[in-house]
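Every read-out reported here was derived from the displayed coordinates using simple, explicitly stated rules and does not represent laboratory data. Treat the numbers as computed from the prediction; the structure is a model and nothing was measured. As a convention, Cβ positions derive from the backbone with ideal geometry for all residues, glycine included, and neighbour counts pool all protein chains shown.
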Amino acid sequence: MYEAFTLAAAQMANNGAYSDTSNAIGGYGLGGFYIDYYYILLVIPAMIIALIAQARVKSAYRKYAKIQNSRGLSGAQAARMILDSHGLTYVPINMVQGTLSDHFNPKDNTVNLSPEVFSGTSIASIGIAAHEVGHAIQHAEHYFPNKVRSAIIPITNFGSQISMILIILGLVLSQTLWLAYIGVALYSTVAIFQLVTLPVEFNASKRAMNQIKALGIANDTDAKGVRKVLTAAAMTYVAALITSLASFLRIFLIVSGRGRRR
Ligand SMILES: [Zn+2]
């Protein structure tokens, strides 16, 4: 994971707004009821995929949080070993509350691990700790997709906040469909952000796998478990991309459909 938290919150708030306003902007009359078919056909299946991905990462985590790693290293110890081997002795490792709340914070250059990962000596602990250190190494090495991602966060935050207002105004007022299309374009920044997040997350996990093997933090059996946990986590980012693409497509189809009816 990687500080996408303000954005995720904004998105959640927006998704709520979209379902509330779906009758105003889309939908087809059916005896007084309005059914937003695009929501049913696109957004709901995507949300189901996202829920499955979440359930899978939780079950992989639960499974491998119970199995101790062969060297009995804690997540914090593994993280320290990898950081130090990259000359990142100055990057602190903090404990933060919660479960699966682990993240790297580029603002203060800290690795933040949940209590179970920080102190735990399970296969899941070393895997997640190594993944977060992967982000710290990306940051130190100015990994390019990471820089792109950081650069578009403000654009995405702005886009996700203002897009719906423009779309509704564009559809409600006359002769202002162009405004709705600007809203659609701004809304696409959410999906673009999710797309750029993928290489960053996959690369952090790849670095984690390489490091735990290279430094002898995990044996082959441990490494297999680590891979399962990290792959399940990566799938949640794929699911997030699918969800934002589905939402984007729905909004686009509603606006372009309105254009054709005029
Ligand atoms: Zn991550």
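A Förster radius of 41 Å, combined with the Cβ-Cβ distance separating LEU41 from HIS142, puts the computed FRET efficiency at roughly 0.45.
Among ILE165, ILE242, ILE192, the largest mean-square fluctuation in a Gaussian network model of the chain, built with springs joining Cα atoms closer than 10 Å, belongs to ILE165.
Annotation: amide H of SER101 within the under-5 Å range of SER114, sequence separation 5 or more or interchain, hydrogens built in the peptide plane. When DSSP beta bridges are restricted to pairs lying wholly in the stretch 5-261, around 70% turn out antiparallel. Residue ranges 213-219, 87-93, 111-117 sort as 111-117, 213-219, 87-93 when ordered by packing (mean number of other C-beta atoms within 10 Å per residue, highest first). Each 10 Å bin from 0 upward holds the following percent of the Cα-Cα pairs of the stretch 5-261: 7, 27, 28, 18, 12, 6, 1.
The calculated FRET efficiency for ILE182 paired with ARG260, based on their beta-carbon distance and R0 = 22 Å, is about 0.75. For ILE44, the shell of other residues with beta-carbons less than 13 Å away shows a net charge of 0, using +1 for Lys and Arg and -1 for Asp and Glu.
Taking Cα atoms only, the orientation of helix 144-172 departs from the longest principal axis of the chain by about 20 degrees.
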